Amino acid sequence: MTEGVLWAIFAGLMLGLYALPEKFTKGFKYENTWSLFFLLTMFVVPIIASLTLIQGFGEIFGNMPTDIWVKMGLTSFLWGIGVMMWSKAINHIGLSLGFSIFIGTIILVGSLLPFIEDGLPPSNVLTFILLGILVVLLGVILNGKAGLTREKDEAKIASEGAPAKGSMVTGIMIAVVGGLLATGFSYANAAGRPYLHEASVAQGNADWITAVAVMFPIFISGGIVMTAYFLWQLNAKNAWGEFKTPAFGKNLFLILIMAVFHYAASALFAYAAFKLGASGNTVGYAIFNTASVATAIVSGIVTKEWVSASPKARNLLYGGLGCMVVGIIIVAYANGLG
């Protein structure tokens, strides 16, 4: 169990840091940065990784039952919409709060979805899992209050001549709805992993290659909606010309780092869930996402997102983070009981 917990935490650290390089791109509009990111992370990186690492790639996916393709494809498509909304939320409310609300929603809903495929654990395990998730919910609520308090603090500065940010309420709503849709990732992993693990091992692949195999249909399906959306946005905003910036090379490098971190974090979660055993999809998902929230909050503080916030706002943020960490310890304890 310890190995699975550590892998889930490490995956969460990577996910919490993946969007940070976006702060250092130059000359790109929102549409340029995120269209290039989704192209790389949803298609280029997973295709190269899958074809390079998976032995018997064609046979594994050619023989995958239709019902698994449908389950993974549809729920991954919803996940793609959710991740797209996540990137929009970050622009409205910042990295730290965007991660907190979005991933908090994912933890609350996405951690329970695997029970549809895996069945319910023993009652004592389920009780502690639900208790831990409720503590995480308290943390999400505190983080939301921290964001609203910060908005009031920044409004005072804006009234004195500083530029105001986008609506906090709008950003929170985008993050919550996006989080609900993004829970499709959890279900897709639970639905596809049993077959893909068996098929992958039968082809002589190591256990960890299953994680790469699971990510292939999830990322390709999720990438379809993002490609369509950003092609439309690049045309609507007349943003194609922004790719000609002298900083394109630097921007491409930074966005490639984002893409690799995002993909690797998801694949490592799938491996951690496998290592955690019977309730691994639920427990691993909760640990993975809470670790990413903690990382994002710290990175947001380091990059001075909360520099204008009052002590009250920061204390609410820290309290929310503390609740999420305690909640995830309870969830990990529940997995140990199982």
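The values are calculated or read from the model by the stated rules, or taken from the named source; none is laboratory data. No experiment lies behind these values; they were computed from the predicted model shown. Quick reminder, even Gly has a Cβ in these numbers, built from the backbone with ideal geometry, and neighbours come from all protein chains shown. Areas reflect the complete protein model, heavy atoms only, side chains present, ligands, DNA and RNA absent. Shrake-Rupley method; radii C 1.70, N 1.55, O 1.52, S 1.80 Å.
Odds and ends about this structure:
- Residue check for G320: buried (at least 24 other Cβ atoms within 10 Å of the Cβ) and either free of Cβ contacts under 8 Å to residues at least 24 places away in the same chain or in a helix (DSSP H, G or I) (or both): yes
- Taking region 1-81 as the region of interest, the helices (runs of 4 or more DSSP H) fully inside it that hold 1 or more residues being under 18 Å from the mean Cα position of the chain (by Cα), hydrophobic (A, V, I, L, M, F, W, C) and at pLDDT below 95 are 2-17, 30-39.
- Residue check for G336: touching a residue at least 12 places away in the same chain (Cβ under 8 Å) and part of a loop (DSSP other than H, G, I, E, B): no
- Check on V177, under 14 Å from the mean Cα position of the chain (by Cα), open to solvent by 40 Å² or more (accessible area, probe 1.4 Å) and β-branched (V, I, T): yes
- Test result for S299, in contact (Cβ under 8 Å) with a residue 12 or more places away in the chain, assigned to a loop (DSSP other than H, G, I, E, B) and of a type in the set (S, T, N, Q): no
- Unmet criterion (only one of (1) over 16 Å from the mean Cα position of the chain (by Cα); (2) at pLDDT 85 or above; (3) open to solvent by 30 Å² or more (accessible area, probe 1.4 Å)) for L148: (2)
- Evaluation of I103 against (1) open to solvent by 10 Å² or more (accessible area, probe 1.4 Å); (2) of a type in the set (V, I, T); (3) closer than 25 Å to A19 by Cα (one fails), failing number: (1)
- For region 238-254, a tally of residues being open to solvent by less than 60 Å² (accessible area, probe 1.4 Å) and under 17 Å from V44 (Cβ atoms) returns 4.
- Selection of first residues in region 193-212 that are over 20 Å from T282 (Cα atoms) and assigned to a helix (DSSP H, G or I) and of second residues that are open to solvent by 60 Å² or more (accessible area, probe 1.4 Å) and not small (G, A, S), restricted to Cβ pairs under 8 Å at least 6 apart or on distinct chains, gives the following pairs, ordered by first then second residue: A199/E59; A199/N63; V201/D207; I209/L53; I209/Q55.
- Residue within region 253-274 that is without any contact (Cβ under 8 Å) to a residue 40 or more places away in the chain, of a type outside the set (S, T, N, Q) and either part of a helix (DSSP H, G or I) or in contact with a strand residue (DSSP E or B) (Cβ under 6 Å, 6 or more places away or on another chain) (or both) present: yes
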